[in-house]
Amino acid sequence: MAIRCVASRKTLAGLKETSSRLIGFRGIQTFTLPDLPYDYGALEPAISGEIMQIHHQKHHQTYVTNYNNALEQLDQAVSKGDASAVVKLQSAIKFNGGGHVNHLIFWKNLAPVKEGGGEPPKGSLGSAIDTHFGSLEGLVKKMSAEGAAVQGSGWVWLGLDKELKKLVVDTTANQDPLVTKGGSLVPLVGIDVWEHAYYLQYKNVRPEYLKNVWKVINWKYASEIYEKECN
Amino acid sequence: MYCKKIMIVQTIRRTATCTTQLNYQKAEPSIKLKTHTDSTGVCSPHLSLQLELQSQSMAASTAVTANYVLKPPPYALDALEPHMSKQTLEFHWGKHHRAYVDNLKKQVLGTELEGKPLDHIINKTYNNGDLLPAFNNAAQAWNHEFFWESMKPNGGGKPSGELLALLERDFTSYEKFYEEFNAAAATQFGAGWAWLAYANDKLKVVKTPNAVNPLVLGSFPLLTIDVWEHAYYLDFQNRRPDYIKTFMNNLVSWEAVSARLEAAKTASSSSA
């Protein structure tokens, strides 16, 4: 289920997030940091260019680098049949792989205003939001409240439960992808509430960040995912 | 198999070296630790700590709320520059720490926790790992006060005397301790803390997520570094390793650590 979710996300996003490097005998695939589809400053004033640059070039890059390292180590451990080393690597894979996966989604979840950022969702996603949350405002209020309440680091998500065919709002800790909360959950919109996502601009006032981020949320992307998953 | 009930009484003396004009209350807590046995005589997985804070504050009427006071650091907010900026202290102490204290007060109002000592609330709401709502605010209030007192202007570097001897005993060298503390702080994923702690007559390095601290894990905290991003983001952005090095080289108050170690040893040695 999880593999199918990842496959469809990659297809839809059309991101060239993978680059092949033959490592060891198995030829494991490692990853590179994709460029953002907009300038660092393009989301201002909602999110500062300074934050976007550090967030992308430092934080996301670190997840990619560490994920690749963990994968190489995993490859060696698997080849040697070292079960305890394999198990020991799981947290590094979850942290850094999850960080990579989540941020890939996040960059697509954002768009400059002149490219549709902040424009409310139309079509089937718009209707589904009205059905499940009363209105877009209702959804925004709920997600903002849950995002503000995340203790420590994490994410707040709008997801589609493919099995139950309904929209859900949920949060995950650290870099846990949404799928860790349920195998049938597909992320539509994720908002990073790690302090690095807003601190330089909003400082301790996370609710202010959550109020403003909606101005650059790319509902077109979320709708694409939703429509694909629903058919 | 039965657990011996161990009563450990420890007195922690907090020395106030306050260079600001602000007054704050000195608290002389006495802490009793007991192991917990359930009805079948089996030890609970963690030491169940019953911590009683007896505040000897000057204003008796505030003895109860003394536990929820936003105590200023024992130095001016700009005194740690250039290693930790005044701006960081203004936000970290003035906003984050203040919010934990204020929100804790609101959260316990009208509940059975209201008026209870901070340590009691931390223990109760830790709930053996199944955290209750007030844990985050209570533990973070405690952790931050402990953190400010873990630092001093012109601090850092290598300790001396008995503390150094113990570090060398339990880590083989100060450099090895430095490495281990550094690694713990650097690899605590997400928000959390790294600690030097004391338990069973041994020093050890511990890392904890979010608001968890060694008190609830059965050991005496001696030193901590806050590795929530808000602790270092304004000064170091993503460069947590640089922040940790700066803390170790320039900010640690070994005097505070030594005082805490003395209290911990006294408490341990007076166990039955």
The stretch A:103-140: which trypsin sites (Lys or Arg not before Pro) are DSSP loop and have at most 12 other beta-carbon atoms within 10 angstrom? A:K122
Candidates per GluC sites (Glu not before Pro) in the stretch A:92-172, loop by DSSP, up to 15 other Cβ within 10 Å: A:E163
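If eta is 1.567 mPa s and T is 4 °C, what Stokes-Einstein diffusion coefficient results for chain A, Kirkwood Rh from Cα pairs, in µm²/s?
71 µm²/s
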Cα gyration tensor shape of the stretch A:82-210, rounded if a/c is under 1.5, else prolate or oblate by comparing a/b with b/c: oblate
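Do any of A:K142/A:K166; A:K108/A:K181; A:K122/A:K166; A:K162/A:K228 go past 19 Å between their Cα atoms, and which?
Values: A:K142/A:K166 16 Å; A:K108/A:K181 21 Å; A:K122/A:K166 17 Å; A:K162/A:K228 11 Å.
Over 19 Å apart, Cα to Cα: A:K108/A:K181.
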Which aspartates and glutamates have a Cα lying under 12 Å from the Cα of A:K203, excluding residues fewer than 8 positions away in the same chain? A:E195, B:E90, B:E229
Additional length obtainable on full extension of the chain from A:V87 to A:K122, 0.36 nm per residue less Cα span: 8.2 nm
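With a ≥ b ≥ c taken as the square roots of the eigenvalues of the C-alpha gyration tensor of the stretch A:142-231, please select rounded if a/c is under 1.5 and otherwise prolate if a/b is larger than b/c or oblate if it is not?
prolate
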What 222 nm value per residue comes from the helices of chain A, counting each DSSP H run with n ≥ 4 as -39,500 (n - 2.57) and dividing by all residues, nearest 500 deg cm²/dmol? -15000 deg cm²/dmol
Classify the stretch B:84-171 as rounded, prolate or oblate, taking a ≥ b ≥ c as the square roots of the eigenvalues of its Cα gyration tensor: rounded when a/c is under 1.5, otherwise prolate if a/b is larger than b/c and oblate if not. oblate
Taking B:K202 as the anchor, which lysines have their alpha carbon closer than 21 Å to its alpha carbon, excluding any fewer than eight residues away along the same chain? B:K4, B:K5, B:K32, B:K34, B:K158, B:K176, B:K265
On a straight-distance basis, which aspartates and glutamates could pair with B:K124 in a cross-link, Cα separation under 18 angstrom, same-chain partners fewer than 8 positions away excluded? B:D38, B:E52, B:E112, B:E114
For A:V150, what charge total do you get from the other residues with a beta carbon under 12 Å from its beta carbon, if Lys and Arg give +1 and Asp and Glu give -1? -4
Placed amide H near B:V212: partners under 5 Å, 5+ positions off or other chain: none
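Since every read-out is calculated from the coordinates, none of them should be taken as a lab result. Note that the coordinates shown come from a computational prediction; the quantities given were computed from them, not determined experimentally. Virtual Cβ from ideal backbone geometry, glycine too; neighbours counted across all protein chains shown.
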